[in-house]
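I have placed the structure first, in the form of structure tokens, so that the comments after it can refer back to it.
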Amino acid sequence: MTTTKARRLEGLALLAAILFMCAVRPVPAHHAFAAEFDAAKPLKLRGIVTKVEWINPHAWIHIDVKKPDGSTEEWMVEAGTPNTLLRRGFTKASLQPGTVIKVDGYQSKDGALRANGRDLTLPDGRTLFLGNGEGGTEGAPGAKK
């Protein structure tokens, strides 16, 4: 292949690569608070921990909440990332099934029994900030700036 043809092919390959990169939009890897939860619908839950899932991008705390009529609802509470919780001193041993907790958070927009947790209060009164800097959590300890 002659030098001119090689340069022409290299130029076309470079142009194709540039056009491809311009045509591809980055896909967000993380959902926004406002897409799933309603900051205008704060809620308070008191329940018994049944399971804690330490998964990315968010940990999930499952609790059984007793309703006034005596029946039980199974709620899922979204927390921050496992890494964020660990940096705040919250470990897998911190919250065991059977523990009674209080959660302040925000209701899911679709009305499902899911909440975005802001604060978790343990039986001894200690409080852990669960939020990730969204949904009215600005200024809370550990919130993103």
Notebook entry, point to check: Using 0.36 nm per residue, how much length does the chain from residue 109 to residue 126 gain when fully extended, once their Cα-Cα distance is taken away?
Noted result: 3.2 nm
Check: Taking amide hydrogens as modeled 1.01 Å from N in the peptide plane, which residues meet the under 5 Å criterion relative to residue 131, leaving out close sequence neighbours?
Finding: none
Next item on the list: Would you mind counting up the charge near residue 75? Only other residues with Cβ under 9 Å from its Cβ, with Lys and Arg at +1 and Asp and Glu at -1.
Entry: -2
Checklist line | Net charge, residue 111 excluded, C-beta distance under 11 Å - Lys, Arg +1, Asp, Glu -1 | finding: +1
Notebook entry, point to check: At what distance in nm do the modelled label points of residue 48 and residue 71 sit from each other, each positioned 7 Å from its Cα along Cα→Cβ?
Noted result: 1.9
Item checked: Full-extension gain in nm, residue 3 to residue 41, via 0.36 nm per residue minus C-alpha separation -> 6.9 nm
Next item on the list: Work out, step by step, the length gained on full extension between residue 34 and residue 91: first 0.36 nm times the residue separation, then minus their alpha carbon distance; give nm to one decimal.
Entry: 17.8 nm
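The numbers here are math on the coordinates, done by the rules we state, and not lab data. Computed from a predicted model, the values in this text were never measured in an experiment. Positions of Cβ are generated from backbone atoms using ideal geometry, with glycine treated the same way; all protein chains shown enter the neighbour counts.
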